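Let me begin by presenting the structure, written as structure tokens, before commenting on it.
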Amino acid sequence: MRSLLVSLWLAGSILIAAEPVPLVHAHAHNDYEHARPLAEALERGFCSVEADVYLVEGRLLVAHDRRDVKPERTLASLYLDPLRERVRRGGGKVFPGGPSVVLLVDVKSEAAPTYAVLHALLTDYAEMLTTFRGGRIESRAITVIVSGSRAQKEMAAQSLRYAAVDGRGIDLDQNSALSLVPLVSESWSKISPWRWEGPIPEAARTALRAWVARAHAQGRTVRFWGTPDRPEVWRTLRDEGVDVIGADDLAGLQKFLLQTKP
């Protein structure tokens with residue numbers, strides 16, 4: 001009897017350990033370059049993953065450079081299909097009871113034709129995707145956000161979308177519709193010339209705070225790219241209210257977020 005109880009306890013411990021803590025601030029930058037795209041990020045609790053795509057002969061292929069595309073590495077096979085399977089197994093969520101997970105699709109080919117194919121593809125996964133309809137946001141398990149070459153005009157004209165736009169500074173200036181642009185991202189080099197060596201200068205901190213405050217006042221979340229993968233960098237971004245922290249070092253960012261208080 002004792003051995004049976006021990007076995008059950010161990011089995012339960014394994015199940016509990018296997019379910020990660022969802023890390024709502026963690027973004028897997030260029031996730032597709034890892035040995036196990038999507039899988040490792042989700043195992044570490046990341047709630048945002050990034051996939052670069054090219055439109056090649058009517059298909060959305062995932063790669064950083066056009067010369068590296070492979071016919072079997074599609075957006076559907078690497079991301080949408082495994083996400084749908086996980087959502088179905090998880091009772092409608094990627095992480096049971098957890099937040100919506102962001103799939104950031106960084107378009108590398110021409111914006112309008114690539115988005116047209118993306119929209120048609122996303123309709124096949126509509127049951128799990130956050131829907132943008134008539135200015136309303138209907139949140140579901142996966143929120144798709146289009147970055148890179150963004151067909152913003154075409155997307156704004158749709159009455160029903162399964163994706164939103166990753167905005168830039170001009171969207172803050174124009175106060176673009178929140179249902180179209182819920183996230184604003186920018187290269188750190190456009191915020192400050194400081195290169196993350198030594199303590200942050202007051203001018204850089206002021207610029208960072210001002211950018212975050214503007215975005216938050218409009219109800220948007222904030223992300224930067226071009227920042228180093230180091231705990232002191234992540235700490236500064238987190239302390240100043242940056243919502244989405246990108247990293248190539250998934251293990252390092254996971255450890256940092258789990259060991260530091262919000």
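Please treat every number below as a calculation from the coordinates, not as lab data. Just so you know, these numbers come straight off a predicted model, no measurement behind them. We place every Cβ from the backbone using ideal geometry, glycine too, and count neighbours over all the protein chains shown.
Here are the numbers:
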read-out	value
Residue-by-residue Karplus 3J(HN,Hα) for segment 112-123, coefficients 6.51, -1.76, 1.60, Hz, glycine and proline x	5, x, 5, 5, 4, 5, 4, 4, 4, 5, 5, 4
Nonlocal amide H pairs with SER109, under 5 Å, H built at 1.01 Å	LEU55
Euclidean distance of C-alpha centroids, segment 192-235 and segment 122-182, integer Å	24 Å
Ascending count of other beta-carbon atoms within 10 Å, so fewest first, for SER159, SER149	SER159, SER149
Distance between modelled label sites at ASP124 and GLU57, nm, 7 Å Cα→Cβ extension	1.7 nm
GNM flexibility winner over the chain from THR130, THR206, THR114 (Cα, springs under 10 Å)	THR206
Debye, to nearest 20: dipole size of segment 23-259, +1 on Lys, Arg Cβ, -1 on Asp, Glu Cβ	500 debye
GLU154-ASP239 FRET efficiency (beta carbon distance; Förster radius 35 Å; 0.05 resolution)	0.40
Listed residue (PHE46, VAL62, ALA207) projecting farthest to the positive dipole end of the chain, Cβ model	PHE46
Under-5 Å amide H pairs with GLY167, H placed in peptide plane, nonlocal only	LEU183, VAL184, SER185
Label point distance in nm, THR131-ALA39, each placed 7 Å from Cα along Cα→Cβ	3.3 nm
